[in-house]
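S.K.: Here it is, the structure in full.
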Amino acid sequence: MRRRTKLNLNPKYVLIILLVICVSFILISFRFGKSLYPVRNAVGSAITPMQKGINIVGTFISDKLDTFRNMKELIQENEKLKDQVSVLSYENKLLLQNKYELDELRELYELDQKYLDYPKVAARIIDKDTNNWYNVFTIDKGTKDGLAVDMNVIAGNGLVGIITECYYNHSKVRAIIDDKSAVWGMFLKTSDTCVIQGDLTTISKGKIHVQFISKDAEIEDGYEIVTAHTSPKFLQGILIGYVSDIKLDSNNMTKTAYLTPVVDFERLSEVLIITELKEPLLKEPPEEDITEDSKSSEVQSEEVQIGDNQ
């Protein structure tokens, strides 16, 4: 079988041929326009529906492409807006946090002015027990900052608690709401004493117990309770809270009540530590002093006896 010879034409020649054919058709159309009218009419009638259909399809495709383009632009714009919202939300959180810290620092400043006679050191809370309350927590100051065990801790509008453990660069604080805490208090208006007993079950209702109130104490709901002069470790006159729900005990000897603390023990971050310890109560002199005093008295009595004999 003979192989068919392939016709290889240069594209340039093909273009020239097509151009000549188009020009020829144009010339024939102008020269024989009237004679070719039926042909053009027939061709137009056949082509017009096709053009109409092509236009409809083209318009549909163009609309869809515009829709897709608009959707893509909207998606990109939406992503940008989401990023902006995220940034604004983060900045808003920072502003709220700064406002909260500023408010807390302002409260600490006002508290510092309220107890201006006491030297104080500010500290930040860095750890706490695993519950909702700051009943036992750790602060970022210690012995290197002049702190010591039994120093009083304040925040908000009054008493928070006391330092129970003190290390070089941190300390542990037990708050007055802790179950192991008991503070001697005093009614500011009447000077009647009482004991504020911590209780983590009642603090969920915003209150802790007040016990050992004299049955003759003329007190009312809303009276302020401050630290008492009888307290061995807490400095006198620090506001603790306000009394409520006063009632006579079954023994008819004492009254009990509840106290609403002035400190928000659910939200604490900064505290003030009073760096002055309460002066200890007078104690008996050490045994060495007693021995020395007794020896000196014995010597004096011996001298008196010798003088009498003489």
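None of the figures in this text is laboratory data; all of them are computed from the coordinates on show. Note that the structure is a prediction, hence the values are computed from the model and not measured. Counting neighbours? That spans all protein chains shown, and the Cβs are built from the backbone with ideal geometry, glycine included.
S.K.: Under 8 Å for C-alpha pairs, at least 6 residues apart: give me the relative contact order for the range 120-274, rounded to a whole percent.
M.R.: 25 percent
S.K.: Rounded, prolate or oblate for the range 178-259? Axes are the square roots of the Cα gyration tensor eigenvalues, ordered a ≥ b ≥ c, and the cut-off for rounded is a/c under 1.5.
M.R.: Rounded, because the longest to shortest axis ratio a/c is under 1.5.
S.K.: Expressed in nm to one decimal, what extension gain is obtained for the pair Asn131 and Ile17 from 0.36 nm per residue of sequence separation less their Cα-Cα distance?
M.R.: Fully extending the segment from Asn131 to Ile17 adds 31.8 nm.
S.K.: Sequence gap at least 6, Cα distance under 8 Å: using those rules, report the relative contact order of the range 55-207 to the nearest whole percent.
M.R.: So the answer I get is 13 percent.
S.K.: What is the sum of charges around Asp221, taking Lys and Arg as +1, Asp and Glu as -1, for the other residues whose C-beta is under 15 Å from the C-beta of Asp221?
M.R.: Combined, the nearby Lys, Arg, Asp and Glu give -1.
S.K.: Sticking with this one: Please give me, ordered by residue number, the chymotrypsin sites (Phe, Trp or Tyr not before Pro) of the range 123-181 that lie in loop per DSSP and have at most 15 other Cβ atoms within 10 Å.
M.R.: Tyr167, Tyr168
S.K.: In the range 134-184, which trypsin sites (Lys or Arg not before Pro) are in a loop and have at most 16 other Cβ atoms within 10 Å, using DSSP for the loop call?
M.R.: Of the trypsin sites (Lys or Arg not before Pro), the ones in loops of the range 134-184 whose Cβ has at most 16 other Cβ atoms within 10 Å are Lys180.
S.K.: Give me the orientation-averaged projected area of the Cα convex hull of the range 152-207, in nm², one decimal.
M.R.: 4.9 nm²
S.K.: If you place +1 on the Cβ of every Lys and Arg, -1 on the Cβ of every Asp and Glu, and leave all else neutral, what size is the dipole of the range 120-274 about its Cα centre, to the nearest 20 Debye?
M.R.: Computed charge dipole of the range 120-274: roughly 300 debye.
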